[in-house]
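The values are calculated or read from the model by the stated rules, or taken from the named source; none is laboratory data. Keep in mind that this is a model prediction, so the values were computed, not measured. Heads up, the Cβs are rebuilt from the backbone with ideal geometry, glycines too, and the neighbour counts pull from every protein chain shown. Surface accessibility is based on the protein's heavy atoms, side chains included, excluding ligands, DNA and RNA. Shrake-Rupley method; radii C 1.70, N 1.55, O 1.52, S 1.80 Å.
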Amino acid sequence: MNPLARLTGFWAPLAVMAFSGAYLVLAWRLPTEAQAMPVGVAWVTLGLAALDFLSRTATPVGRAVMRALNPAGDKDVEEQRSTAAPMRQALGVGLPLAFMTALVLLGIVVGTALFVFTAIWLSDRRRPLQALVLAAAATAAIWLLFAGVLKLNLFPGVLLGSLL
Amino acid sequence: MPSVWLSGFESLLHAQELVFLCLGMVMGLVFGAVPGLGGPTALALLMPLTYGLDSIAAMALAGGVMGAVPMGGSISAILLNTPGSAPNAATCLDGYPLAQQGKAGLAIGAAASANALGGLIGTVSLLLVLPISKELVLAFGPPEFFLLAILGFCMVATSSRGKMLRGLIASGFGLMIAFIGFDQVTGASRFTFGIQYLWDGVHLVPALIGLFAGSEMIKLWIKGGTIAGDSSGVKITRMGGGLIETFRHMPTVIRGSLIGTAVGALPGVGGVVASFLSYTVTQQVSKDPDSFGRGNIQGVIAPEAAINAKDCSALIPTIAFGIPGGAEMAVFLGILILHGMQPGPLMLINNEREIYSLVWALTAACVLAGGLGLLCVRPLAMVTLVPGRVLAPLVMTIALVGSWAIDQSIENAVVTAVFAVIGYGMSRLGYPRLPIVISLVLGAGIERSFHQSMAMSDGNWSIFVLRPISTVLIACIALALLITPLRSLFRRTLARRPAAGAQEAA
């Protein structure tokens, strides 16, 4: 494994430890009874994440922990690492977040049309017309199902809603 | 007692009731198959519609939905690796690998027949257990519920294919999220950062939609191609073979159904624990545990039998004590109350006819939905041939907008998107996602049980050890935690033996 890949292997337990640590700090500000379970669970998770961190080190103890508690290791992670292009992964994660933002700001109808068009077009830029048709069809289907059949008032969006 | 059973059955045999039963089944199949919708959403949408119906017709409609949802969920779990409802997540573990091997028909056939048999066994168990249900549920107090939930976490972590430690971390992470919102004991607001939406905690259904449907669609979009990988790989053939496989593995069906029945009778534990417990136990007793997760048909049969059996026995705490076994039963409680029935011990006396009508409707739906599901498999299977770049945005759209539609709250869509990214990140970094689901489902219950136990014992922790059922549960937890290290040790010892033998021979 190259050094960068080995480094990224430690991110996950470190992130869990950071999350658990921050959670503990916040939990301690709560009344005694309200903090009992959150504090206990955060400590346990922190300890487990520390064990996970240790298991990823190349030390004898780390290897023993890995063998005993995570015998499957990182085989599937390695497979994913080798096949996925970083740019495509970033887009894959960014698109739902962009869709979420579009839903909140521009509403369901506009957000859906924009998201479906962008996601399909980004996958195959040679067929913009296909992306356009599918985006229009998906938006119409969403409108028909939720507004037409279920009689719900589709969320207009924070920006567009204030304009309407 | 048999006369009451027959009276309940007879009340279903009217055109109107049968029509509503079929309507419920179709709705259940569709809502079950569409990732992220599921039984609670279907029942919640139906609830206002049942208001104009008489109580038997309403029970037929609700029973049809509840009985058919698992079958619909298993279809999407097998074909899309995206469970329609959370309990079907266990079906993904072997159902999806089978679909990738071109054996989707076999898996779906097995799921349908296991569903039907599980439902039948569950009904028989329910009819036998209903009269003595009070004693059964009362034997479990708060300390037992607390320990049972911990056992659920350990079992799910153990079944995470050699990633027990990461499964436990995911459980802890899920519990920390589950504790967001108002504390049930003190009423204190926890980790809400002033966001009103979070006062009720992170909503379960949007989070589930994100974790499963959302993250799978991110993976699919990134991977490209079709869901089946290669369009020629998805063959919906040998559905009859699936039926034969189910009968060949009858002990698995019976074991799964009994596990489902036992777990379903305990409020708050739910179908996820039932399906995973059934899967894990089947894996543990199998002569070839390594084949699980790689397309073992028993990995489909075991959870599917448990899910439907659980649906029948989950009625026990819901009806007898007004304690819903899960989200679906919680919504169903609303339908009972809407029709003037008061869930509790008196309901078993005052509304016997309705109860047994519901039991029969559920049974009929469990059996008939399998057949209906098999008829619909071919069109549903076509979903797997749609290019991922087209399907992923469309399912993601339904997931986020469907999430908003639950209570028309745009924050639900935000939760879904965030959990989709969390789910993808976990999958990418080698952490199982399923323990988070268990944590989100059991989080509130485990904390309530903990506080009740502490109140019962004046803060003495020995209450978790000294009660007989608690002691058994603690032993089970210890066993669950030891399974992975012991199995690893056993494998290494076995691997060393031939090498040592070869050295001696040399």
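Residues of segment B:385-414 being farther than 16 Å from residue A:139 by Cβ and either part of a helix (DSSP H, G or I) or open to solvent by less than 20 Å² (accessible area, probe 1.4 Å) (or both), which ones?
B:385, B:388, B:389, B:391, B:392, B:403, B:409, B:410, B:411, B:412, B:414
Filtering segment B:405-423 down to residues that are modelled with pLDDT of 90 or more and at the interface with chain A (Cβ under 7 Å from one of its Cβ atoms), which residue is farthest from residue A:151 (Cα to Cα)?
Looking at the filtered set, the residue picked out is B:421.
I'd like the residue in segment B:13-62 that is closer than 19 Å to residue B:375 by Cα and modelled with pLDDT under 80 and, out of all such residues, is most open to solvent (accessible area, probe 1.4 Å).
The extreme case among them is B:30.
Tell me which of these residue A:57 doesn't satisfy, since it passes every other one: (1) outside any helix (DSSP H, G or I); (2) β-branched (Val, Ile, Thr); (3) at pLDDT 90 or above.
Result: residue A:57 fails condition (3) only.
So is residue B:55 more than 14 Å from the chain's Cα centre (by Cα) and of a type in the set (Ser, Thr, Tyr) or not?
In short, yes.
A quick yes/no check of all residues on (1) farther than 24 Å from residue A:20 by Cα; (2) basic (Lys, Arg):
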position	(1), (2)
B:108	yes, no
B:151	no, no
B:166	no, yes
B:174	no, no
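Are any residues in segment B:171-191 more than 7 Å from every other protein chain (Cβ to nearest Cβ), in contact with a strand residue (DSSP E or B) (Cβ under 9 Å, 6 or more places away or on another chain) and closer than 28 Å to residue B:157 by Cβ, and if so, which ones?
Across segment B:171-191, the qualifying residues are B:180, B:181.
Output the residue which, of all residues in segment A:6-46 that are assigned to a loop (DSSP other than H, G, I, E, B) and open to solvent by 50 Å² or more (accessible area, probe 1.4 Å), is farthest from the other protein chains (Cβ to nearest Cβ).
Ranking the qualifying residues of segment A:6-46, first place goes to A:28.
Kindly check whether there is at least one residue in segment A:58-73 that is open to solvent by 20 Å² or more (accessible area, probe 1.4 Å) and touching a residue at least 24 places away in the same chain (Cβ under 8 Å).
No, there is no match, as no residue in segment A:58-73 is open to solvent by 20 Å² or more (accessible area, probe 1.4 Å) and touching a residue at least 24 places away in the same chain (Cβ under 8 Å).
On the given criteria, is residue B:349 at pLDDT below 70, open to solvent by 20 Å² or more (accessible area, probe 1.4 Å) and not aromatic (Phe, Trp, Tyr)?
yes
Pairs under 6 Å by beta carbon, first residue within 14 Å of chain A (Cβ to nearest Cβ) in segment B:477-506, partner open to solvent by less than 60 Å² (accessible area, probe 1.4 Å) and at pLDDT 80 or above, six or more apart or different chains?
B:477/B:150; B:477/B:151; B:477/B:154; B:480/B:154; B:481/B:154; B:484/B:164; B:485/A:68; B:488/A:68
Could you tell me which of the residues A:120, A:142 is in contact with a Ser or Thr (Cβ under 6 Å, 6 or more places away or on another chain) and within 7 Å of chain B (Cβ to nearest Cβ)?
The match here is A:142.
Looking at segment A:123-156 only, could you name the residues that are part of a loop (DSSP other than H, G, I, E, B) and under 18 Å from residue A:95 (Cβ atoms)?
A:124, A:125, A:127
Is at least one residue of segment B:192-199 within 11 Å of chain A (Cβ to nearest Cβ), surrounded by fewer than 21 Cβ atoms within 10 Å (Cβ to Cβ) and at pLDDT 85 or above?
For segment B:192-199, residues within 11 Å of chain A (Cβ to nearest Cβ), surrounded by fewer than 21 Cβ atoms within 10 Å (Cβ to Cβ) and at pLDDT 85 or above: present.
Okay, residues lined up against (1) modelled with pLDDT of 85 or more; (2) surrounded by 24 or more Cβ atoms within 10 Å (Cβ to Cβ); (3) of a type in the set (Gly, Ala, Ser):
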{"position": "B:272", "(1), (2), (3)": "no, yes, no"}
{"position": "B:277", "(1), (2), (3)": "yes, yes, no"}
{"position": "B:290", "(1), (2), (3)": "no, no, no"}
{"position": "B:294", "(1), (2), (3)": "no, no, no"}
{"position": "B:298", "(1), (2), (3)": "yes, yes, no"}
{"position": "B:308", "(1), (2), (3)": "no, yes, no"}
{"position": "B:315", "(1), (2), (3)": "no, yes, no"}
{"position": "B:321", "(1), (2), (3)": "no, no, no"}
{"position": "B:324", "(1), (2), (3)": "no, no, no"}
